[in-house]
Amino acid sequence: MADFTKEIERPLGQSVRAPASPPARRLGRAQIVVALAVLTVVGASALIAFDEKPFRRPVVVATPVPQETKPVETAAQTPAAPPESAPQRKKSDGPQIIRVQPTDTGGQAGIVIQDASAVGQNLSVAHLPDKALIEDGEGGPLPIRSADGRRPFDVYARPWSGARGARVAIVIGGLAVSQTGTQSAIAKLPGEVTLAFASQGNSIGRWMQEARRRGHEIVMQLPLEPFDYPNVNPGRSTLTVDASEEENLKNLRWVLSRTTNYTAVMNYMGARFSTDAQAFGPVMAELGKRGIGYLDDGSSARSVAPDLARKDGVPLAVADTAIDGVQERGAILKKLDELEATARAKGYAVGTGSAFNVTVDAVVSWVNEAKKRGVEIVPISAVATDPERK
């Protein structure tokens with residue numbers, strides 16, 4: 001057959017037709033939808049990548065650190081003043097790198113990288129003391145302010161939301177006296193509940209670590225002279241009105257050295273001692289120097305603790321009531337309801353109790369219900385008045 005595209009063989013009066021183009025391909029509806037979905041995902045990813053904070057969460061990466069490397073620990077949280085009277089944990093401007101000191105067992109340390117814009121406590125290091133906040137004492141490690149001014153009160157505080165709603169701080173004391181009772185209290189109580197350790201207790205360091213791993217803020221109980229002492233005796237190393245300043249400070253330091261990672265001390269008894277400014281003054285000054293807070297259980301209306309705390313720059317919280325003066329579930333729940341009413345009236349309230357089974361069980365039940373009513377359970381540091389953060 002002749003090739004009509006050749007000029008010489010083309011019949012007269014006929015023109016060459018161009019080869020037909022393949023028909024245009026039309027996109028189906030499903031393909032268009034898929035393309036739009038891909039564009040949406042890409043756009044959202046770009047927004048998240050360039051946004052500074054709203055969609056970010058903590059990133060924790062652990063990597064081995066050579067044993068010969070001497071790591072330096074820093075605090076993962078720093079506080080800032082929130083609305084009203086209670087301090088709020090501060091969000092720093094960027095990620096922090098925390099080098100964790102190897103444990104006493106010789107295990108490997110790790111590097112933790114945390115986005116400090118996220119709220120929350122890093123439980124992986126909460127039980128480890130910050131080496132910059134410790135000095136060697138005769139009886140063991142003593143809390144101190146770090147060279148850059150950080151305080152144990154700030155570093156070991158449990159973060160909270162900073163919201164303006166009703167806030168209730170509950171402090172359960174007497175831990176480390178009964179081993180089974182201590183284990184039960186730590187296991188059952190929500191992490192928002194503050195735990196107080198008796199200086200006379202056993203294995204305090206081990207129980208402290210367990211409590212901190214579970215998110216609890218902790219305080220140390222300081223034995224102070226009651227009326228009718230020594231017939232009524234708080235125990236070893238009690239601080240008394242008639243003792244010399246040196247003796248009281250020696251006893252204070254023994255209590256402070258019983259463990260680490262606590263934010264404050266609270267009085268154990270002390271109706272007489274807490275009313276004597278001359279005896280109490282040097283003790284409060286020592287707490288201020290070391291960056292430790294003070295919790296007054298509120299049992300003595302004549303306590304000079306508030307005045308001394310302001311003078312010496314000591315963060316102070318005063319309890320509104322003891323929740324288990326009557327060790328019966330119904331009575332304890334009633335006291336907790338009164339705490340809630342106080343918190344709704346003035347913004348916050350503080351209750352103290354002991355680690356009795358009935359108290360622990362009542363607190364667990366009440367906390368679960370109170371959260372549903374919009375009550376925030378906060379650590380004691382969240383309701384302390386801090387002279388350094390006016």
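Looking at region 313-335 only, could you name the residues that are out of contact with any strand residue (DSSP E or B) (no Cβ under 7 Å at 6 or more places or on another chain) and not basic (Lys, Arg)?
GLY313, GLY325, VAL326, GLN327, GLU328, GLY330, ALA331, ILE332, LEU333
Assess whether GLU225 counts as being surrounded by 24 or more Cβ atoms within 10 Å (Cβ to Cβ) and in contact with a helix residue (DSSP H, G or I) (Cβ under 9 Å, 6 or more places away or on another chain). Yes: the conditions hold for GLU225.
Restricting the search to helices (runs of 4 or more DSSP H) fully inside region 140-231 and requiring at least 2 residues that are polar (S, T, N, Q) gives 179-188. Do you know which of the residues in region 327-369 that are touching a residue at least 40 places away in the same chain (Cβ under 8 Å) and charged (D, E, K, R) is farthest from THR194 (Cα to Cα)? The qualifying residue farthest from THR194 (Cα to Cα) is ARG344. Taking first residues from region 132-146 that are within 15 Å of ILE292 (Cβ to Cβ) and among the acidic types (Asp, Glu) and partners that are at pLDDT 95 or above and not in a loop (DSSP other than H, G, I, E, B), the Cβ contacts under 6 Å between residues at least 6 apart in sequence or on separate chains come to GLU135/LEU142. When you look at ALA264, is it out of contact with any strand residue (DSSP E or B) (no Cβ under 9 Å at 6 or more places or on another chain) and at pLDDT 95 or above, yes or no? Spelling it out, it is not the case that ALA264 is out of contact with any strand residue (DSSP E or B) (no Cβ under 9 Å at 6 or more places or on another chain) and at pLDDT 95 or above. For region 168-213, the set of residues classified as of a type in the set (Ser, Thr, Tyr), over 27 Å from ARG373 (Cα atoms) and surrounded by fewer than 24 Cβ atoms within 10 Å (Cβ to Cβ) consists of SER178, THR180, SER203, listed by residue number.
The values are calculated or read from the model by the stated rules, or taken from the named source; none is laboratory data. What you see is a predicted model; the values in this text were computed from it and never measured. Every residue, glycine among them, receives a Cβ derived from its backbone with ideal geometry; neighbour counts consider all protein chains shown.
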